[in-house]
Amino acid sequence: MIEINRITKTFPGKTAVKDLSLTIPDGKIFGFLGPNGAGKSTTIKMMTGILPIDEGSITMNGKDISKEVLAAKQMIGYVPDRSDIFLRLKGIEYLNFIADVYDVPQEVRETKISELTKQFGIYEALDDHIQTYSHGMKQKIVVSGVLLHDPDIWILDEPLTGLDPKSSYMLKEMMRDHAAKGKIVFFSTHVLEVVEQLCDEVAIINQGHVQFQGNMKEMKQQFQEDQNLEQLFLELTQNG
Amino acid sequence: MAKTWLLIKTMVKMQLSTAGKSDLEKAGYGCLVLFAIPLGLLLLSILNSMIDTLYTSLAPTGNENVILGLLFVMMTFIFLFVSLSTVLSSFYFAEDVESFIPLPFQPYQIVMGKAAVPFLSLYGVNTLVLLPSLIIYGIHSASGPVYYIFSLVLWLVAPVVPFVLTAATIMFIMRFANIAKNKDRTKIIMGSLGFAFAIGVNILFRLDSGGTGGGMSEMVLEQNALLGLVTKFFPTAYFSSIALTSPTSIIGSLNFLAMIALSFAGILLFMTIGQQWYFKGVLGLSGGTRSTFKENDLKRRTEKRQVLWSLLLKEWKTIVRTPTFFTQILIQSLFFPVFILILLLLQSSGSLSTMASRINGWDDSTSLLVLFAFTIIGLGVNPASFSSISREGKSWFNNLYLPIPAPLIVTSKLLVSFFLNVLSLLIISIAILFLFEVSLSVWFIWFLASIVASWITSIIGFLLDFHQPKLNWTDEREVFKGRMIGFFALAAEALVFGLLLILLWAVPLFQSLTFASVFMVVYLTICVLLGQWYVGKVTKEKFSTIH
Ligand SMILES: Nc1ncnc2c1ncn2[C@@H]1O[C@H](COP(=O)(O)OP(=O)(O)O)[C@@H](O)[C@H]1O
Ligand SMILES: [Mg+2]
């Protein structure tokens, strides 16, 4: 379970996330929905330890991300929104680096790397520098890295952007499998449709505030009743 | 023409803008200017005394214009050397090339725009050396106003032909040679070329100066023969020198006109070549390599390693595989030791070996002091250390979410820059052991002290970069260019090691080798401990806040 407790993040001259609380239960795919600039990435960066939290706290399965830093990070698999990973490494070197960092056993590496990268169609490119990869390929190598160490909590920032339909389908299947095993999948998106297809539960964020949290049925109801959400709904569907 | 002018203005503005520079850097530039004034005066007095000496010895035989010849030849070399790297980076490696290509400009217009900054930058050294030298010569030869008018014009056109030659050669290579297909490889080859050029010129001059002594006396008798020899391969230097030797005569004026014509021809040639070759060379440059992954490699390449070792490999690969880092860090730090070694090997009776024999006469503590000072200056600032954090650029955030302890990442960075220092140190140590013939105990103490000093240098550079890293770059050169950090590192090192050297020099007790070495050990140990403590402190406080 992830518990986000009243977190706030202020950048010079701008509050990106204000007094935000969320509880993400085990065994669910949790969608974090909001238009561009809503504060999704900022929240996720605080969850993964990239950004220091100004106020409030976040715990991952009971481990506080700003106190028991390494223990919390060890449980997280993070797919960033930007693919600025170590560009000068080759695909295979990146994966092995990740395996070293997360202490993945030798036997597991070999089978998993070849299995995963073959599935994503990047096996042939493993000996190339990541610099030469397309955006989608970079995304795939990062996702492979996450799957390689198989953490309890997946945190994915707009993971489907830039993936081709086949890989997108595969990733969605993998997310469903992971949640079915009782683990956590938390991902952000600005596309309502994706949430409808995939999520068990959703939180809608706008201008740093959570506007809604609940399951899919509740969300549809709210959209019809709530004036504010209706406007947001238009933004989210048009952006798609 | 209006379009070309517009392009030139835009590109100059873009490259010279001070936007995005911190106040600290601006203050650094201010400091630099303050430093430059006494240095400029020093340079002026050196030039003055050199020209004075040469003039008095050459004037009796009427060969004083050899000074002009030497001056112009030397300037040509400097122009060639300086423009080599600036042309390459501006023409081929700057990321903005791609944004100009789709715009409706002729290739020659773009190339003129791209040439502006590298060309203008030649005027820095041109103004610093050529202009005062010509004035000093004018005063010595009691020349009239025509001489000074000619001087001004020749000063103005002097960089043109060398610049065109470099640019044309580079455009030719990039157009026709196969290396142009791979941007990374080209960057490495071209980056190393500058250093090879410097070493090559040095060797040539040394070999050449040995042989020409004999015919000298005959040539002195014949007017302009000596000048002809000096400027043999440099028609522009010949024209310029003759023009200034007798500015009021017809011969002088003709040579002056020839020089002007040659420069104009140079500009036309540059535009023609640019129009023909520039786009063909710059398009299709791409980074990285491609190959197909081999099945049977998988086992070997998924070997389990310690995290620290994994991090070290990552750092090392980043340096070796990024052309800018390869030349700025690896080649740069190996350049000085290799250069020294070559000089020592080539020269058996020169100034360095005189120094060596003098060292043999010194007592042990003095040799230790001199060797250590020499090493500190030689190793200088280590670019690997002050680019520790900045090298990561936009990928830095990966260090924040991966479950790696921050001190481990810091250690890997310190170790890489330390390793590079040790590499240079090994080369220097060979030179010292075999060529200076110091006693083994001195050598050993020196070696130990230098190793520790390398670690201190790494810490200093690291701390400076950690304090204010430049992560938001789009081109790796920004990590080194326009940052005052190298200067600050030098200042910090001067402080730390200067104090040690002064104490060793001034305190009478340290005349004894034992006391000197004990003091060195204590001083350096304290420095390392302090540095290590401070690194630990800032890592804990600041590591996760760097963005
Ligand atoms: N490093 C930063 N400095 C200043 N403002 C930032 C920074 N990062 C994000 N912001 C601002 O915070 C807000 C939320 O951004 P972000 O979390 O990236 O939105 P998104 O929901 O699209 O991921 C935006 O208005 C953005 O401009
Ligand atoms: Mg985002």
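The values are calculated or read from the model by the stated rules, or taken from the named source; none is laboratory data. Quantities reported herein were computed from a predicted structural model and do not represent experimental measurements. Because the Cβ atoms are built from the backbone with ideal geometry, glycine has one as well, and the counts that use them run over all protein chains shown. What goes into the accessible areas is simple: the full protein's heavy atoms, side chains included, and nothing from ligands, DNA or RNA. Shrake-Rupley method; radii C 1.70, N 1.55, O 1.52, S 1.80 Å.
A few comments on the model shown:
- Under 5 Å, built H, 5+ apart or other chain: amide partners of A:Leu156: A:Val79, A:Phe186, A:Phe187, A:Ser188
- Heavy-atom accessible surface of the protein assembly as shown: percent carbon and sulfur, 1.4 Å: 65
- Partner chain coverage, peptide B:314-326 - average Cβ within 10 angstrom: 2
- A:His209 accessible area, 1.4 Å probe, all protein chains in place, Å² to nearest 10: 90
- Protection proxy ranking of B:76-85, B:416-425, B:503-512, by the mean of other Cβ atoms within 10 Å over each peptide's residues and highest first, is B:416-425, B:76-85, B:503-512.
- Summing charges over all other residues whose Cβ lies under 13 Å from the Cβ of B:Gln306, with Lys and Arg as +1 and Asp and Glu as -1, gives 0.
- Listed residue (B:Gln328, B:Ser246, A:Val79) projecting farthest to the positive dipole end of the protein assembly as shown, Cβ model: B:Ser246
- The length gained by stretching the chain between A:Thr132 and A:Glu218 to full extension, at 0.36 nm per residue less their Cα-Cα distance, is 26.5 nm.
- Protection proxy ranking, highest mean first, for peptides B:31-38, A:72-79: A:72-79, B:31-38, where packing is the per-residue count of other beta-carbon atoms within 10 Å, averaged.
- Other residues lying with their Cβ under 12 Å from the Cβ of B:Pro405 contribute a combined charge of +2, Lys and Arg counting +1, Asp and Glu -1.
- Summing both sides, the accessible surface hidden between A and B at a 1.4 Å probe radius is close to 4100 Å².
- Relative contact order, whole percent, for the range A:76-151 stands at 54, derived from Cα pairs under 8 Å and 6 or more residues apart.
- Overall form of the range A:67-163 per C-alpha gyration tensor (a/c, 1.5; a/b vs b/c): oblate
- Cβ neighbours within 10 Å from other chains - mean over A:101-108: 3
- Rolled with a 1.4 Å probe across the full set of protein chains, the surface gives B:Trp533 an accessible area near 150 Å².
- Mean partner shielding of peptide A:119-125, defined as the number of other chain Cβ atoms within 10 Å of each residue Cβ, is 2.
- A Cβ-based charge dipole, computed about the Cα centre of chain A with Lys and Arg at +1 and Asp and Glu at -1, lands at about 260 debye.
- Placing unit charges on the Cβ atoms only, positive for Lys and Arg and negative for Asp and Glu, gives the protein assembly as shown a dipole magnitude near 720 debye about its Cα centre.
- Three-way shape label, the range B:20-139, alpha-carbon gyration tensor, a/c 1.5: oblate
- Close amide H pairs (under 5 Å, H built 1.01 Å from N) link A:Leu51 with A:Met46, residues at least 5 positions away or on another chain.
- Distance between the range B:416-441 and the range B:29-62 - C-alpha centres, whole angstrom: 35
- When you filter the GluC sites (Glu not before Pro) in the range A:1-98 for DSSP loop state and at most 15 other Cβ atoms inside 10 Å of their Cβ, you are left with A:Glu68.
- Virtual spin-label span in nm between B:Ser441 and B:Ala491, 7 Å along Cα→Cβ: 4.1
- Dipole axis of the range B:44-187 (+1 Lys, Arg; -1 Asp, Glu on Cβ), positive-most option in B:Tyr55, B:Ser143, B:Met74: B:Met74
- At R0 = 35 Å, FRET efficiency that the Cβ-Cβ distance of B:Ile342 and B:Arg305 yields, to 0.05: 0.40
- Under 5 Å between amide hydrogens, built in the peptide plane, is the criterion, and for A:Val210 it picks out A:Ser21 among residues at least 5 positions away or on other chains.
- In plain terms, the chain from A:Arg6 to A:Ala71 could stretch by 21.2 nm, reckoned as 0.36 nm per residue minus the Cα-Cα distance.
- FRET efficiency for B:Leu499 and B:Tyr123, using Cβ-Cβ distance with R0 set to 35 Å, rounded to 0.05: 0.35
- Three-way shape call for chain A based on the alpha-carbon gyration tensor, with the a/c threshold at 1.5: prolate
- Given their separation in residues at 0.36 nm each and the Cα-Cα distance between them, B:Gln468 and B:Ser249 gain 72.8 nm when the chain is fully extended.
- Where labels lie 7 Å past Cα in the beta-carbon direction, separation of B:Trp362 and B:Ala506 in nm: 1.9
- FRET efficiency estimate (nearest 0.05) - Cβ-Cβ, B:Phe233 to B:Ser57, R0 25 angstrom: 0.55
- Summed over the residues of the protein assembly as shown and divided among them, the accessible surface reaches 46 Å² per residue at a probe radius of 1.4 Å.
- Degrees, to the nearest 10: A:91-101 long Cα axis against longest axis of chain A: 70
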